[in-house]
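Below is one structure, written out as structure tokens; comments come after it.
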Amino acid sequence: MNHPQKKKQNKMRLTLPLEEYMHSGHLACQGCGATLAMRYVLKALGQRTALCIPACCWSVIDGPFPYSSLDVPIFHCAFETAAISAAGLKAGLEMVGDHETQVVAWAGDGGTFDIGIQALSGVAERNDDIIYVCYDNEAYMNTGIQRSSATPFGAWTTTTPVKHYKNRPKKDIDAILAAHRIPYVATANISYPEDLYRKVLKAKNIKGTRFIHIYAPCPSGWKTRPEDTIKLGKLAVQTCIFPLFEVEEGSTWKINIKPREKKPVEEYLMRQGRFRHLTAEAIALIQEEVDRRWARLLKYEETSPL
Amino acid sequence: MRKVLMGNHALSYGAMLSRVQVVAAYPITPQTQVVELLSEMCAEKILDAQFIKVESEHSAMAACLGASLAGARTFTATSAQGLALMHELLHWASGGRLPVVLGNINRAMAPGWSIWTDQNDSLSQRDTGWMQFYCGSNQEVLDSVIQAFKVAEKLHIPAMIILDAFSLSHTYEIVDVPDQEKVDKFLPPFQPKFRLTPDEPHAFGGLTSPEHYFELRYKLQKDMEKAPALIEETGQEFEELFGRKLGLVDPYKCDDAEIILVTSGTTGYTARVAVDHFREKGLKVGNLRIRVLRPFPFEKVQSILSHAKKVAVIDRNISYGHHGIFYQEVKSALYGNSSVPVFGYITGLGGRDITLNTFQKIIEETQRNETPPERISWIGVKK
Ligand SMILES: Cc1ncc(C[n+]2csc(CCOP(=O)(O)OP(=O)(O)O)c2C)c(N)n1
Ligand code: SF4
Ligand SMILES: [Mg+2]
């Protein structure tokens, strides 16, 4: 029998373009969130894109000279210079008559929150016309899992050993960028590819400095199972540890996903080796801080435009 | 057109006439007028360039590298602390084969804070793979910028144009500012062999294994070795069009000289006053001004100095624990080629004046002794 309804069900609905600009042969670990981030971002930006990649896992992932796993050109630049290398590249391209190419600074959390923040702040203050993507795996992974200012409270890294785990909260980079009043700041997450894709597309059509902060699990550094990467991304949003939101012109805050019921942070933390040492008290502290931050974010949205 | 220009403005005019397309710079005394004038030129549209007003010298150089990789002609200027802050990126420039031209005003390094001239800032960057031109006049500053772009872009090696703080940077001289048309004839637009474009996606500067890295550095040195001839050739071509000659070195009355004073930067001109003064008294003195330190002009230095009976190298810099840096360079160039004794003098650090009197002491000490009495002779220091 011909059931028209059934026919409809058989059709696959594509939510992302089929085109791939990233290929196999790259050097990432299994379950690497940073690779998914690149794949989705390039799907949104397309081939007329140029990347500036400072020292980070991605400076290795792409592959050694003379190979590259990407279909777009890459300027491998100094660790602390992602933002300004991109701005310089953009200026240069403009001067040789290329007004079309989207120039993207693509840096890790260390290259963004720490060593690269000066150049990034300069670019943002001038509103230079680049997209800045920070893929955040919450530590210096390239050099073997050292703490960064993006490492969350409680986490183990090789420089915050279990006995002295990190006792300071993660730096609020999104608020810092929003405070520069750039046209667009967004958080995104590899477990929400449609949301990520939409945000990059939106950024693509804005001029000026656009900052996209992508949550990117790292099985090797977090001591998690590669098959948990997507699950962790979901939990990060469901627990409100890494909320998804957008800020326009530094003033209009919009939360994209509000969990009907926040999951307890413990569920997120206990899946990861880097948090396994945490006591019930420490976990309670983390819960409090996450709640506080979430409440503040809700307030930002409520009182928008700020 | 003849204009009265300060050294800093000679740099700006050199950049303007070279039609630089991207400028990124950060202010520091005594360089500020270079970028002030350039930003004015951009604002007035006399110069069709993007001026990126960065938040540091570090970002200035990084921006230049990005722009240069896109295929744009790029320029920056700095001094002392600013140049030191750029250090890592100077390697990125030469290693990336990006022919940026940088003006550096020689200023002493802090601490203590000094805004006055000496050469330790640029000489600390000697081994970064940049060409280094030490200028002696404002005309030379302007001409050197234009010529440096030509050489740098042919070889894909960046170049530093260096001038003394205040004695050039802030000193006004008559400078012939050539016609744009003529400069255009001499210096065609930048046509890099490779540039970053999505039309031909390449990865620049990625992870390079021991299988490839060595060859990249070998090639940089091999191209650097082509620079001396190219600099001379470019100087001659420039002379044909503009009537002014610049080469690797600038000898003055060296042919029959018994004592040759080796200098760099503006001290060369003071040295020449001393040369004339002593020649009047019957002493055959000459002056060799080393204009290009990297690539080192081995042949010129060897052939000119080996005729002398004594060589006195005047350094406004020091490599602590060793000697003056020009002294080391000259000595190593002469080793095995000539047995002429080389006297090493250090003077003028932190902008202490180098005067006729300074050279008198140097010449007298060199004349008095058969070989250097001390490893380092300090002139004008209060011991
Ligand atoms: C100036 C400088 N300091 C230190 C390093 C060493 N280094 C390379 S990558 C890196 C950490 C990168 O961390 P992040 O930006 O978070 O990227 P990830 O490796 O985690 O992807 C460090 C410290 C460097 N390349 N340059
Ligand atoms: S260490 Fe982490 S971020 Fe780096 S490649 Fe492996 S999984 Fe990806
Ligand atoms: Mg990281």
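The values are calculated or read from the model by the stated rules, or taken from the named source; none is laboratory data. From a predicted model like this one, the values you see are computed outputs, not experimental measurements. Here the Cβ is made from the backbone with ideal geometry for all residues, glycine too, and neighbour counts use every protein chain on show. Ligands, DNA and RNA are stripped out before the accessible areas are found, and what is left, the full protein with its side chains, is counted by its heavy atoms. Shrake-Rupley method; radii C 1.70, N 1.55, O 1.52, S 1.80 Å.
Here are the numbers:
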item: Residues A:Asn10 and B:Arg217, FRET efficiency given R0 of 45 Å [Cβ-Cβ distance, rounded to 0.05]; result: 0.15
item: Whole-number accessible area per residue in Å² for chain A, which is evaluated in the context of all protein chains at 1.4 Å; result: 43
item: Whole-Hz ³J(HN,Hα) from phi, Karplus 6.51 cos²θ - 1.76 cosθ + 1.60, for region B:324-334, glycine and proline x; result: x, 7, 5, 4, 4, 5, 5, 4, 5, 5, 7
item: Solvent-accessible area per residue, Å², over chain B with all protein chains present [probe radius 1.4 Å]; result: 41
item: Straight-distance crosslink candidates among lysines, where the alpha carbon sits under 27 Å from A:Lys11 and sequence neighbours closer than 8 are dropped; result: A:Lys43, A:Lys199, A:Lys231, A:Lys234
item: Given chain A, longest segment not containing exposed loop GluC sites (Glu not before Pro) (DSSP; at most 14 other Cβ within 10 Å); result: A:101-248
item: Accessible area of chain B belonging to carbon and sulfur atoms, whole % at 1.4 Å probe; result: 52
item: A versus B: buried accessible surface, summed, Å² (probe 1.4 Å, to nearest 100); result: 2900
item: Helical mean residue ellipticity (222 nm; -39500 (n - 2.57) per DSSP H run of 4+; nearest 500) of chain B; result: -12500 deg cm²/dmol
item: Expected 222 nm ellipticity per residue - DSSP helices of 4 or more, -39500 (n - 2.57), all of chain A, to 500; result: -10500 deg cm²/dmol
item: Relative contact order computed over chain A (Cα-Cα under 8 Å; 6+ residues apart), in percent; result: 16
item: Dipole of region B:2-242, positive direction: furthest Cα of B:Met160, B:Val20, B:Tyr218, with charges on the beta-carbon; result: B:Tyr218
item: Nearest-20 debye value, region B:2-242 charge dipole, Cβ charges on Lys, Arg, Asp, Glu; result: 340
item: Rounded FRET efficiency, nearest 0.05, which uses the C-beta distance separating B:Ala43 from A:Gln47 and R0 of 51 Å; result: 0.90
item: Per residue Cα convex hull volume in Å³ - calculated over region B:2-242; result: 124
item: Over 22 Å (Cα to Cα) - which of B:Lys150/B:Lys193; A:Lys223/A:Lys258; B:Lys185/B:Lys300; B:Lys45/B:Lys150 fall in this group; result: A:Lys223/A:Lys258; B:Lys185/B:Lys300; B:Lys45/B:Lys150
item: Carbon + sulfur, % of accessible area of region A:59-172 - ligands and nucleic acids excluded, 1.4 Å; result: 55
item: Test item: Cα-centred dipole of the protein assembly as shown, Lys/Arg +1 and Asp/Glu -1 on Cβ, debye; result: 1840
item: Where labels lie 7 Å past Cα in the beta-carbon direction, separation of B:His202 and A:Cys29 in nm; result: 3.3
item: Farthest toward positive dipole pole in the protein assembly as shown [+1 Lys/Arg, -1 Asp/Glu at C-beta], among B:Ser114, A:Leu93, A:Gly144; result: A:Gly144
item: Vicinal HN-Hα couplings computed from phi for region A:298-306 (Karplus, 6.51 cos²θ - 1.76 cosθ + 1.60; Hz; Gly/Pro x); result: 4, 5, 4, 5, 4, 8, 5, x, 8
item: Partners for B:Lys310 among aspartates and glutamates (Cα-Cα distance below 17 Å; same-chain residues under 8 apart left out); result: B:Asp255, B:Asp256, B:Glu258, B:Glu329, B:Glu364, B:Glu365, B:Glu370, B:Glu374
item: Shielding by other protein chains, B:89-96, mean Cβ within 10 Å; result: 2
item: Distance in nm between pseudo-label sites at A:Ile176 and B:Tyr269 (7 Å out along the Cβ direction from Cα); result: 4.8
item: Linear extension gain, A:Glu227 paired with A:Thr252, 0.36 nm per residue minus alpha-carbon span; result: 5.4 nm
item: R0 of 30 Å, Cβ-Cβ distance A:His99-B:Phe194: FRET efficiency to nearest 0.05; result: 0.90
item: Linear extension gain, B:Trp378 paired with B:Thr29, 0.36 nm per residue minus alpha-carbon span; result: 122.9 nm
item: Intensity falloff of chain A expressed as log10 I(q)/I(0), Debye formula with alpha-carbon point scatterers, at q = 0.07 Å⁻¹; result: -0.27
item: Under 17 Å from the A:Lys234 label point (7 Å along Cα→beta-carbon), backbone N, region A:188-204; result: A:189-196
item: Calculated over region B:271-383: convex hull of Cα atoms, volume per residue (Å³); result: 117
item: For A:Asn189, residues with placed amide H under 5 Å, excluding near neighbours; result: A:Leu196, A:Tyr215
item: Sum of side-chain charges, B:Ala77 neighbourhood, beta-carbon under 11 Å (Lys, Arg +1; Asp, Glu -1); result: -2
item: In Å, descending, principal axis extents of the Cα set of the protein assembly as shown; result: 114, 57, 50
item: Amide H within-cut-off set for A:Val103, under 5 Å, with H built and near neighbours excluded; result: A:Ala50, A:Ile131
item: Cα→Cβ-extended label distance, 7 Å offset, between A:Glu281 and B:Ser339, nm; result: 8.3
item: Among B:Leu102, B:Phe186, B:Gln236 the positive-end extreme of the charge dipole of region B:2-242 (Cβ point charges); result: B:Leu102
item: Vicinal HN-Hα couplings computed from phi for region A:138-153 (Karplus, 6.51 cos²θ - 1.76 cosθ + 1.60; Hz; Gly/Pro x); result: 6, 5, 7, 8, 3, 8, x, 6, 9, 5, 10, 7, 9, 5, x, 3
item: Amide N of region A:82-117 lying under 18 Å from the label point, which is placed 7 angstrom from the Cα of A:Glu125 along Cα→Cβ; result: A:82-88, A:112-117
item: Amide hydrogen neighbours beyond the local backbone of B:Trp378, cut-off 5 Å, H modeled; result: B:Ile346
item: Straight-distance crosslink candidates among aspartates and glutamates, where the alpha carbon sits under 19 Å from B:Lys222 and sequence neighbours closer than 8 are dropped; result: B:Asp127, B:Glu153, B:Glu211, B:Glu232, B:Glu233, B:Glu299
